[in-house]
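Here is the structure we will look at.
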There are 2 protein chains.
Amino acid sequence: MTTLVFGHKSPDTDSTGSPIIWAWYLNEVKGVPAKAMLLGEPNTEAAFVLKHWDLAKPEIIADVEPGAKVVIVDTNNPAELPASVNEASIEGIIDHHMLVGGLKTRAPIEITIRPLACTATIMHDLMGEDLARAPRGIKGAMLSCILSDTLEFRSPTTTTHDRAVAEKLATDLGVEISELAAAMFEAKSDVSAFSDAALLRMDSKEYTVAGKELRVSVLETTAPKVVLDRKESLMASMVDVAKEDGADQVLLFVVDILREEATLLVPNNLVKDLAEASFGVSVTGDTVVLPGVMSRKKQILPALKL
Amino acid sequence: MTTLVFGHKSPDTDSTGSPIIWAWYLNEVKGVPAKAMLLGEPNTEAAFVLKHWDLAKPEIIADVEPGAKVVIVDTNNPAELPASVNEASIEGIIDHHMLVGGLKTRAPIEITIRPLACTATIMHDLMGEDLARAPRGIKGAMLSCILSDTLEFRSPTTTTHDRAVAEKLATDLGVEISELAAAMFEAKSDVSAFSDAALLRMDSKEYTVAGKELRVSVLETTAPKVVLDRKESLMASMVDVAKEDGADQVLLFVVDILREEATLLVPNNLVKDLAEASFGVSVTGDTVVLPGVMSRKKQILPALKL
């Protein structure tokens, strides 16, 4: 039976690239038949990365069969995974997020979670010298995953190890990091084709603060104006998205990658109170700038309070 | 703040030795102040191992303070851990059991779970060349943990890697594996001082089968007669232990390490039906021999059905 390797339901570059990297390793090094899968349409940066490194877009699946062999990467959160994931045979988990505690296995399996910026960095470490055998596209995907998750080393999630691995890969591949990152971020910033609701759900995690179910959405961009010009219709759309997704409120943080700051949309008093309590700012209009804030994991989620 | 390293509430050799091994590594290699702890009195084998390698018995604690830094080894099951464990700051998990899904962390941490026989084998791999710096007692504890969890390589949980690591350690230490294992198993078999209830709880895991809450207890011994001679009072005690612990039934498997078989006590029709459905045997008296059965994890739990 082929092992299916997939990340979370909102595939960014790490959740698109890491399954491809690990499926290569299982097939070519471990001799385990494996196939990368997607749980949704890759975002514009991930689509660029696939094309740039000449990698086939993995098939998109909606759920997994009971008993299917699966390896889960870049998440350990059942809410971000297929509905039947706990009926599948989970063979491995490779992740860099906090443990949320919903996945179960029927036997001991290989689980590797590390406080690194990127799943692909963990895979680099697990593969050791076998990585030398990887084709250019696999090493390229690994480099792109790290540049994406670290926002080219700007994000506070970046560790010296993530950076060292990326620089080694870039040298090996003869790639200029700044050029590749610029092209990736340009692709990620091209969000004109997406509806407001799609933008709000593109990179979003559910999180509970003081009993409120929040959808904490982040848009990383080198062109924040394009998004902020749509703020009225985005704020209007938040009401419907929250309702449909069973949340109390959607928060949208527009992260300016180059200026290293986030702008939070403030549609109502709940978000105003939350912004003031969480980030020590004073909110006057319908947006507030949070200097230095780039990471949901390191800076936004730990700060959120009411 | 000192990081507390502990295993589960019924400390066998692996759950006693592995915290000592990892606390040494954190202190001496990683520069992280750390202390091994116990969540209960070590069993007779673990007590022998501490004495044999001249290791101090770790302090026994009943619970952890909110915010305490802890590393959890040899389990990932909240039911086997202090009541306040999810209020502590879990800094790491090293384990070789199935993921049961109740632990949560507030940030990404280091989690390493591997399908190996023994936690100490995983620690060996994580420590790499730093193990060379370990004193004799640490390497000795590591060897003893592997011999204990593999029943000197007899248990089907044993992997070639566990065995290779143990043999390398034995050569390094100048220890005869068969002699050390014999002394350990003799210590483990000396259960005369324990009450029936203590024996039933000594190495026990909660497990649900067809809606029945079971306490699946295992006694590994080279002298099964000593235990089986007490079967009437053990079976009488099962009723009280089940009641006190909120279980429907206690199962006691007496594993004969040398004959490589288990004897299951059969106090009533529930256990009779369970034994016949699970192991394809026909039960006539108040015990049934299960040839080749040595491992709760690999052979008993996966087989249990009603």
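The values are calculated or read from the model by the stated rules, or taken from the named source; none is laboratory data. None of the values given here were measured: they were computed from a predicted structure. As a convention, Cβ positions derive from the backbone with ideal geometry for all residues, glycine included, and neighbour counts pool all protein chains shown. When the accessible area is computed, the model is the full protein with side chains, heavy atoms only, and any ligands, DNA or RNA have been set aside. Shrake-Rupley method; radii C 1.70, N 1.55, O 1.52, S 1.80 Å.
Key figures for this structure:
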item	result
Rounded to 5, percent antiparallel among DSSP beta bridges of the protein assembly as shown	40
Area projected by the alpha carbon convex hull of chain A, averaged over all directions, nm²	15.0
Sulfur and carbon atoms: percent of accessible area, the protein assembly as shown [1.4 Å]	50
Buried accessible area, chains B and A (both chains, 1.4 Å probe, Å² to nearest 100)	1800
At least 40 Å² accessible surface lost relative to isolated chain, residues of the stretch B:99-135 (1.4 Å probe)	B:Leu99, B:Gly101, B:Thr105, B:Pro108, B:Glu110, B:Ile111, B:Ile113, B:Arg114, B:Pro115
Cα gyration tensor shape for the stretch A:196-303, rounded if a/c is under 1.5, else prolate or oblate	rounded
Solvent-accessible area per residue for chain A (1.4 angstrom probe, square angstrom)	40
C-alpha center-to-center spacing [the stretch B:104-118, the stretch B:178-214] in angstrom	26
Set of aspartates and glutamates near B:Lys188 by C-alpha distance (under 15 Å), chain-local residues within fewer than 8 positions excluded	B:Asp12, B:Asp14, B:Glu41, B:Glu45, B:Asp149, B:Glu152, B:Glu179, B:Asp203, B:Glu220, B:Asp256
Among the listed pairs A:Lys139/A:Lys305; B:Lys69/B:Lys305; A:Lys30/A:Lys104; B:Lys35/B:Lys297; A:Lys69/B:Lys57; A:Lys168/B:Lys298, those beyond 32 Å (Cα-Cα)	A:Lys139/A:Lys305; B:Lys69/B:Lys305; A:Lys69/B:Lys57; A:Lys168/B:Lys298
Label point 7 Å beyond Cα along the C-beta direction, distances from A:Leu228 to other copies (nm, shortest first)	8.0
Net +/- balance of residues flanking A:Phe279 in space, Cβ distance below 12 Å, scoring K and R +1, D and E -1	-1
For A:Gly128, label point 7 Å along C-beta direction: distances to other copies, nm	1.0
Label-point gap, in nm, between A:Ala277 and A:Ile60 - each point 7 angstrom along Cα→Cβ	3.7
Ascending list, in nanometres, of distances separating the B:Glu65 label from those of the other copies (7 Å, Cα toward Cβ)	5.4
